[in-house]
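The values are calculated or read from the model by the stated rules, or taken from the named source; none is laboratory data. The structure presented is a predicted model; accordingly, all values stated were derived computationally and were not measured. Every residue, glycine as well, gets a Cβ built from its backbone with ideal geometry; the counts of neighbours run over all protein chains shown. Ligands, DNA and RNA are excluded from the accessible area calculation, which covers all protein heavy atoms including side chains. Shrake-Rupley method; radii C 1.70, N 1.55, O 1.52, S 1.80 Å.
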Amino acid sequence: MNRKAIIFLADGMADEPLPELGGKTPLEAANTPAMDSIAREGVNGTFLTLPEGLPTSSDVANMSVLGFYPERNYPGRGPIEAVSQGIELGPDDVAFRCNLVYVSSDGVLRDYSAGHIDNETAAQLMHDLQEQFGNSDVTFHSGVSYRNLLVLHGKRFSDRIHYFKPDSSQDMPVAELKLSAADDSPEAAYTVEFLDRLGQLCAAFLAAHPLNRGRKAPANWIWPWSPGRRPRLEPFSVCYDGRRGAVISAVDVIKGIGKSSGMEVIEVPGATGFLDTNYAGKVAAALEAIQRNDLVYVHVEAIDECSHLGDLKLKMQAIEDFDSKIVASVLAALKGKGITFAVLPDHPVPIKLRKHTTTPVPLAIAGPGIEPDSVQSFSETLAPTGSLGFLRGNELVKKVLGL
């Protein structure tokens, strides 16, 4: 049976039991009646989003949820976000995600986001880096907040580079987090050397930049990571028998996956990737998009950011905002209209660790023709007891579309 479906993706929502919550996870302790209703009226299980041997990052996880098999097709985060920004990568270009980060005077990575730097300041810093250091070998491109790009141009550069994920490396000395070659090629060695020199120049430039004066977490360092070349994903419509899909997100990595696979990418004004995002705008976009698409993927980033901050209160708020402002609003508008709904995180970010883990995530699906199981609320503990079982690959999308 063919269905229309909406997938609610709560980035980084899954967690572990906490003593301060009486042994509950933040999701279990939060007030989430809308997500609970999907669990109660549908089937529950778990989904493997981070296959072994791949980075524990959101690009891999969201590719998995959408059934694009990163085990075979992962291009690196840099090129995915380049696609989102409309940056045309040539065959000899290597795109890196490039965070603006804060490194303290004692040489420790203190903040992977430079205090969640605002878009305007970040864009100006990236513009000034391009003006100062951009040339035929390297270009700097601004994105959203700290999430920016660096592209290397030419055959002398390699994407075979070992890197450290910044949001998993906070409070570690940068001397222990250096890029290194992943093979013995002269291109890889040269790329590491080039980026090391460039990083030192950029750090000195940013430390003296007037926009960093007085900032608690100044953006005084660039952090290139997750390099790759132009991505080639099979179109969503080819993967799923001609069905059409759309993505709604504030962040380039999700929009890049959508553009790379021929999905409609919907821009929502005021979508920020944090707690101040335009929730109402995302809901309106989803309600409009489902009229012309078979699947709409509604991604919310804020929970992940609060998790990396290690802020339990903010994570609880972000979970409850997601439930009340996104899930509940869409359900109220579309319930009873033949739509299938699914909800899941893309990966866990335990508050105590402040980084991603590979534990399979809880998943709930409700809709026409789906017989409910016994699970009464959405949680990491109860989902594995449901009748849906353990899914991976393209099984989630095929399930919600009735393929």
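Counting residues that are among the aliphatic types (A, V, I, L, M) and touching an Asp or Glu at 6+ places or on another chain (Cβ under 6 Å), which strands (runs of 3 or more DSSP E) fully inside region 102-176 reach at least 3?
Correct list: empty, since no element meets the threshold.
Considering each residue of region 104-159, count those that are buried (at least 16 other Cβ atoms within 10 Å of the Cβ) and at positive phi, and give that number.
The total comes to 4.
Does any residue in region 268-289 that is open to solvent by less than 20 Å² (accessible area, probe 1.4 Å) come within less than 8 Å, Cβ to Cβ, of a residue that is of a type in the set (Val, Ile, Thr) and assigned to a helix (DSSP H, G or I) six or more places away or on a different chain, and which pairs are these?
Matching pairs, first to second residue: Tyr279/Ile326; Lys282/Ile326; Val283/Ile326; Val283/Val330; Ala286/Val330.
Return the residues of region 232-251 that are surrounded by fewer than 24 Cβ atoms within 10 Å (Cβ to Cβ) and not hydrophobic (A, V, I, L, M, F, W, C); say none if nothing qualifies.
Across region 232-251, the qualifying residues are Arg232, Glu234, Pro235, Ser237, Tyr240, Asp241, Gly242, Arg243, Arg244.
Considering only region 1-8, I want to know if a residue exists there that is part of a loop (DSSP other than H, G, I, E, B), surrounded by 24 or more Cβ atoms within 10 Å (Cβ to Cβ) and touching a residue at least 40 places away in the same chain (Cβ under 8 Å).
No, there is no match, as no residue in region 1-8 is part of a loop (DSSP other than H, G, I, E, B), surrounded by 24 or more Cβ atoms within 10 Å (Cβ to Cβ) and touching a residue at least 40 places away in the same chain (Cβ under 8 Å).
Among (1) in contact (Cβ under 8 Å) with a residue 12 or more places away in the chain; (2) over 17 Å from the mean Cα position of the chain (by Cα); (3) under 21 Å from Lys155 (Cα atoms), where does Glu88 come up short?
(1)
Condition check ((1) within 21 Å of the chain's Cα centre (by Cα); (2) of a type in the set (Lys, Arg); (3) more than 29 Å from Gly336 (Cα to Cα)) across all residues:
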residue	(1), (2), (3)
Lys4	no, yes, no
Leu9	yes, no, no
Pro26	yes, no, yes
Ser37	no, no, no
Phe47	yes, no, no
Leu66	yes, no, no
Gly76	yes, no, yes
